[in-house]
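Visitor: Structure below; questions to follow.
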Amino acid sequence: MTQADLQHNRLPPGQQLAAPGKWPTVGERLPPPHDGPWSVQITGCAQSEAVWTIDELLALPQIRQVVDIHCVTRWSKLDVTFSGVPLAQLLDIVQPTKQARFVSFVAHSDRGHSTSLALDDAFKLDTLIALRCQGQPISAERGGPVRVVVPRRYFYKSLKWLRRIELLPEDRLGFWEATAGYHNHADPWLEQRYIASGQTRKQTAALLQSRDMAGQQLLSLNAAGHDLQGLRADGAQLRNADFCECRLQNASFQAANLSNAAFRNADLRHASFRDADVEGADFSGADLREVDLRGGSFLGTTFVTSAGTARIDHSTRFSGPALDQLAPRQSTFVAGRASLE
Ligand SMILES: Nc1nc2c(c(=O)[nH]1)N[C@H]1C(S)=C(S)[C@@H](COP(=O)(O)O)O[C@H]1N2
Ligand SMILES: [Mo]
């Protein structure tokens with residue numbers, strides 16, 4: 001199979017392969033310290049409760065699964081081997097009651113990180129309670145000693161540092177789903193990345209008129225085609241925003257969160273993206289001359305596609321090390337043109 005076939009058949013829409021051997025860490029980096037041996041507990045709507053130590057989990061029959069990882073910030077990594085105990089096997093032991101319709105996975109985490117699935121989906125997707133990755137115990141950075149692996153969903157459903165599995169009659173949105181607008185169903189083949197924007201059309205129109213969105217929470221803003229020269233958007237939360245074809249000369253997006261934002265064919269000359277998060281953002285066809293992109297984060301960011309090429313030259317400023325976060329084709333494109341500091 002050629003690289004093109006591989007990408008065609010196995011990469012969901014809008015994803016690109018991470019550089020070979022690269023596996024970014026996303027979200028929390030490490031769990032807080034814990035006392036005593038690690039354990040995983042099942043509570044909620046079940047005939048019985050149960051708790052297992054890591055050794056007890058390892059003593060159960062293990063299965064091996066080869067999984068394609070698809071992060072919502074648009075990088076994918078194919079053929080990662082996990083092994084562990086199928087969730088179904090643990091549930092078989094506690095016997096969920098009829099009331100159990102959702103399952104929430106709760107991490108050992110300072111911010112009480114969690115994520116959830118419909119119980120039917122959890123079975124259908126062959127959810128794995130994983131103890132090993134690529135033949136080794138899972139490292140703490142990767143979610144060890146035990147993490148959830150949910151194949152065929154964006155990787156935010158694959159919780160690191162699993163402590164509790166709760167069976168619930170109603171859904172309880174997880175951390176990203178509740179705070180960042182991540183889609184609760186998370187199917188990468190349907191591109192279920194984000195829920196729809198919370199703004200009415202009237203609110204959006206007023207906002208675009210004012211050209212001031214600094215510090216605001218504006219998930220999935222639709223600004224496509226507008227004249228927004230001099231826009232002030234420092235510190236704004238603009239995940240999944242659509243700025244395609246916009247005039248954005250001199251706009252300021254410092255420290256803004258623009259993950260997955262679309263800037264296709266936008267005129268961004270003299271704009272500042274200092275310290276902004278542009279993970280998964282699309283700049284193909286945009287004019288990036290005199291643009292400052294230093295200090296940003298760039299996992300899965302796109303500058304060149306078959307549909308368009310960003311205009312980048314020596315006046316476009318990047319921090320050199322950040323280019324490592326880009327997929328190979330993107331970093332080669334940028335490195336050959338931009339000024340790296
Ligand atoms: N406890 C916990 N689990 C988590 C997260 C997190 O922040 N905390 N981030 C999720 C997201 S968004 C992704 S893409 C994957 C990243 O896993 P990795 O760091 O091993 O690549 O973990 C998921 N599980
Ligand atoms: Mo993610």
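FYI, it's all coordinate maths here, none of it is from the lab. Fair warning: this is a prediction, and the values are worked out from it, not measured in the lab. Cβ sites come from the backbone with ideal geometry, for glycine too, and all protein chains shown count toward neighbours.
Visitor: Dimensions of region 152-216 along principal axes (Cα, Å, largest first)?
Guide: Result, largest extent first: 47, 25, 24 Å.
Visitor: Give or take rounding to whole Å, what are the principal axis extents of the alpha carbon atoms in region 50-131, in descending order?
Guide: Principal-axis extents of region 50-131 (Cα, largest first): 37, 30, 27 Å.
Visitor: Kirkwood Rh over Cα pairs of region 192-257 into Stokes-Einstein at 25 °C, 0.890 mPa s: D in µm²/s?
Guide: Diffusion coefficient, whole number: 209 µm²/s.
Visitor: Quick one: grab Rg to one decimal and Dmax as a whole number for region 1-154, Cα atoms only, in Å.
Guide: 16.4, 51
Visitor: While we're on this one: Say the dipole of region 112-194 comes from +1 at the beta carbon of Lys and Arg and -1 at that of Asp and Glu; which of Gly143, Phe123, Leu173 then lies farthest toward its positive end?
Guide: So the residue we want is Gly143.
Visitor: With every atom except the alpha carbons ignored, what do you get for Rg and Dmax of region 64-111, in angstroms?
Guide: Considering region 64-111 through its Cα atoms, Rg and Dmax are 15.0, 38 Å.
Visitor: Considering Cα pairs under 8 angstrom that are at least six residues apart, work out the relative contact order of the chain and quote it in whole percent.
Guide: 12 percent
Visitor: Over the Cα atoms, compute the radius of gyration (one decimal) and Dmax (the largest Cα-Cα distance, rounded to a whole number) for region 246-315, in Å.
Guide: 10.6, 29
Visitor: Starting from the amide H of Phe102, placed 1.01 Å from N in the peptide plane, find each other amide H under 5 Å away whose residue is 5 or more places distant or on another chain.
Guide: When sequence neighbours closer than 5 places are left aside, the close amide H contacts are Leu119, Leu168.
Visitor: Then there is this: For region 7-76, how big is Rg over Rh, using alpha carbon atoms and the Kirkwood form of Rh?
Guide: Radius of gyration over Kirkwood radius for region 7-76 works out to 1.10.
Visitor: Label region 90-131 by shape, choosing from rounded, prolate and oblate, from the square roots a ≥ b ≥ c of the eigenvalues of the Cα gyration tensor; if a/c is under 1.5 it is rounded, and otherwise prolate applies when a/b is larger than b/c, oblate when it is not.
Guide: Prolate is the answer for region 90-131, as a/c is 1.5 or above and a/b outweighs b/c.
Visitor: Tabulate in residue order the Karplus-calculated ³J(HN,Hα) for region 298-311, using 6.51 cos²θ - 1.76 cosθ + 1.60 with θ = phi - 60°, rounded to whole Hz; enter x for Gly and Pro.
Guide: So the Karplus estimates, Gly and Pro as x, are 10, 4, x, 6, 10, 10, 9, 9, 5, 8, x, 10, 5, 8 Hz.
Visitor: Can you give me the Rg/Rh ratio for region 201-341, using Cα atoms for both radii and the Kirkwood formula for Rh?
Guide: Across region 201-341, the Cα-based Rg/Rh ratio is 0.95.
Visitor: Test of understanding: what is the full-extension gain from Val51 to Ala88, defined as 0.36 nm times their sequence separation minus their Cα-Cα distance?
Guide: Value of the extension gain: 11.8 nm.
Visitor: Sticking with this structure for a sec: List the residues, sorted by chain then number, that are 5 or more residues from Gln217 or on another chain and whose placed amide H is less than 5 Å from its amide H.
Guide: HN-HN under 5 Å from Gln217: Gln237.
Visitor: Placing one identical point scatterer on every Cα of the chain and ignoring solvent, what is log10 I(q)/I(0) from the Debye formula at q = 0.11, 0.14 Å⁻¹?
Guide: -0.76, -1.10
Visitor: In addition: Residues with amide H under 5 Å of Val146's amide H, sequence separation 5 or more or different chain, H placed in the peptide plane at 1.01 Å from N; which?
Guide: The list, which skips near neighbours in sequence, is Trp161, Leu162.
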